[in-house]
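The values are calculated or read from the model by the stated rules, or taken from the named source; none is laboratory data. None of these values were measured; they are calculated from a predicted model. As a convention, Cβ positions derive from the backbone with ideal geometry for all residues, glycine included, and neighbour counts pool all protein chains shown.
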Amino acid sequence: MIKSICCIGAGYVGGPTMAVIALKNPHIKVTVVDVNQDRINAWNSQDLDFLPIYEPGLADIVAKTRNVNLFFSTNVDEAIDQSDMIFISVNTPTKTYGIGKGMAADLKYIELCARQIARVSTTDKIVVEKSTLPVRTASTIKSILKQSHNNVKFEILSNPEFLAEGTAITDLLNPDRVLIGGDYHTEGGKNAIVALTGIYLNWVTGDKIITTNIWSSELSKLTANAFLAQRIASVNAMSAICEVTEANVDEVAYAIGKDTRIGEKFLKASVGFGGSCFQKDILNLVYIAKSFSLNEVADYWEQVILMNNYQKKRFAQKVVQKMFNTVSGKKIVLLGWAFKKDTNDSRESAAIDIANYLIEEQAELHIYDPKVTAQQIFSDLERITDDNLQHLQEKVHIYNSTDAIFNNAHALIILTEWDEFKVYNYKYIKNQMLEPAFIFDGRNVLNSAEIQEIGFQYYGIGK
Ligand code: NAD
Ligand code: UGA
């Protein structure tokens, strides 16, 4: 019977996941730990508006559970030693150095966690891989844990997380499935699977809990993300054909989605997928395939990334081309910076690449996002442009609201599908802009006929 859980990593996965586990398991003490003091302070902040992560429904759950059975701390050693089950939920970014640079997953944080668990544990533990990992990582973790000197027994499980940002809480409360990979042929492995299953059974029905061997579980997570990203790349590829043939990608997606074998979800053409995971997980898959000399497999999946890069560039080029082949010195409003709506996360957001392209074309950017901070936007731009903050501030302006943003603008570009962008008074907006006023709808959220009726030059994706 699990009485105490520790989760290493208080990020977009660790925070929301543990909040829901704590809510549904009031008898279990859940401690989320992180080396980032600022992040932990933010999780502990009195004002729930200052939680480090914005997710609809998250603040309510934190309000109910925090300091009841959910705790946030930087005391990693103590939390590890006091728990029966440890979730590893640290970041696994793409390597930026050495062998596998730009492709393989950087597992240094995972290894550090494993070494720390081995070093400080004095009682038996179940260690759960929550992070997304290359297939066979559990064998590395096992080898490290074997080095523990304290005569402690460890069981390793893989329990990948499938939540999507922006809908994390509903995804966690109503998952399509929960996947648990473990050594089901051994007594210890079976017991560990039962213990983790018991936690989920407090709100997820048994038919949704899938048990596999540990390698299938690790690989299923990469596979799920690859398939999801591939669907978007596929519909975006069709959007390019639509634009030259007068077909409409939304109509095409609707028509094919009605085929139950294809299904309706995840067929929304866009300026390109973003987020911290799709690209890194596919690159990781490509690297794994290459490392087994499965070069055709690697090339197949790499195309998803190449198509996504193409889509972002194609969109930015279209903006320039439609605006009489120059945006130099023109005021361009970017609506949205987050990689999707209902999150403050901008990691790998398509907006970053589009902005970079337009800056290279000497546009003057005026940016508004309801949740992403100016500090974050500048830091994203500093990284991609190699420009310093002072230089960037001369050509990029960030707004807290849209009050004064549209004055004398040449164009408006929608980069995130925030609901509020759909209901703006575009007639009023157009009156403030220069003629001809352009709208580039990178998310196909506006009614193109209505927008054209107002007098905008409207360009969506795939139509
Ligand atoms: P994140 O960067 O938001 O959070 C990771 C946290 O781990 C950071 O706060 C970091 O300080 C902390 N950390 C790193 N090393 C540590 C250590 N040794 N000790 C203590 N803390 C440490 O990352 P995330 O978005 O939560 O993703 C975590 C993992 O979950 C990744 O493998 C990711 O692929 C996977 N995942 C993410 C999502 C998502 O929507 N973001 C969904 C499913 C799976
Ligand atoms: C994705 C997966 O959906 C989750 O199941 C997975 O757990 C997670 O990655 C992860 O491993 O990190 P997330 O990236 O948070 O979740 O968000 P998605 O809803 O998948 O959107 C990803 C990107 O694709 C966004 O930029 C979104 O705007 C774009 N997208 C999504 C489209 O362009 N079209 C669509 O039809 C759907």
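Annotations for the structure displayed:
- Residue satisfying condition, being within 19 Å of the chain's Cα centre (by Cα) and among the acidic types (D, E), within set D106, D47, D124, D60: D106
- The residues on offer are K340, K312, and the sole one that is in a helix (DSSP H, G or I) and touching a residue at least 40 places away in the same chain (Cβ under 8 Å) is K312.
- Every residue from segment 110-135 that is away from ligand 2 (no atom under 16 Å from the Cβ), of a type outside the set (A, V, I, L, M) and out of contact with any Phe, Trp or Tyr (no Cβ under 6 Å at 6 or more places or on another chain): E111, C113, R115, Q116, R119, S121, T122, T123, D124
- Elements of type helices (runs of 4 or more DSSP H) in segment 1-99, at least 1 residues being surrounded by fewer than 24 Cβ atoms within 10 Å (Cβ to Cβ), in contact with a strand residue (DSSP E or B) (Cβ under 8 Å, 6 or more places away or on another chain) and without any contact (Cβ under 8 Å) to a residue 40 or more places away in the chain: 37-43
- Extreme residue, nearest to I305 (Cα to Cα), among residues of segment 244-265 that are surrounded by fewer than 18 Cβ atoms within 10 Å (Cβ to Cβ) and of a type in the set (D, E): E264
- On inspection, D369 does not qualify as closer than 21 Å to K313 by Cβ, modelled with pLDDT of 95 or more, of a type in the set (D, E, K, R) and crowded, with 20+ Cβ neighbours inside 10 Å.
- Selection of segment 130-145 for residues being more than 9 Å from ligand 1 (Cβ to nearest atom) and either surrounded by fewer than 22 Cβ atoms within 10 Å (Cβ to Cβ) or not polar (S, T, N, Q) (or both) yields P134, V135, R136, A138, S139, T140, I141, K142, S143, I144, L145.
- Looking only at segment 1-18, and only at residues there that are of a type in the set (A, V, I, L, M, F, W, C) and within 18 Å of the chain's Cα centre (by Cα), the one that is farthest from L157 (Cα to Cα): A10
- When the strands (runs of 3 or more DSSP E) confined to segment 132-244 are screened for residues that are of a type outside the set (V, I, T), those reaching at least 3 such residues are found at 154-158.
- Residue match in segment 357-371 (condition: of a type outside the set (V, I, T), outside any loop (DSSP other than H, G, I, E, B) and over 26 Å from the mean Cα position of the chain (by Cα)): yes
- Any hit, segment 98-113, residues being β-branched (V, I, T), within 15 Å of ligand 1 (Cβ to nearest atom), in the same structural domain as D183 (by the TED database) and in contact with a helix residue (DSSP H, G or I) (Cβ under 7 Å, 6 or more places away or on another chain): yes
- Scanning segment 318-342 for residues that are buried (at least 23 other Cβ atoms within 10 Å of the Cβ) and on the phi > 0 side of the Ramachandran plot turns up just one, G336.
- Counted residues, segment 65-81 - those being under 13 Å from M18 (Cβ atoms) and of a type in the set (D, E, K, R): 1
- For segment 387-463, the helices (runs of 4 or more DSSP H) that sit wholly inside it and include 3 or more residues that are within 28 Å of the chain's Cα centre (by Cα) and touching a residue at least 40 places away in the same chain (Cβ under 8 Å) are 419-422.
- Residue check for L334: of a type in the set (A, V, I, L, M, F, W, C) and under 24 Å from T416 (Cα atoms): yes
- Residue check, D353 more than 26 Å from K322 (Cα to Cα) and not hydroxyl-bearing (S, T, Y): no
- Selection of segment 211-241 for residues being more than 12 Å from ligand 2 (Cβ to nearest atom) and touching a Leu at 6+ places or on another chain (Cβ under 6 Å) yields S217, E218.
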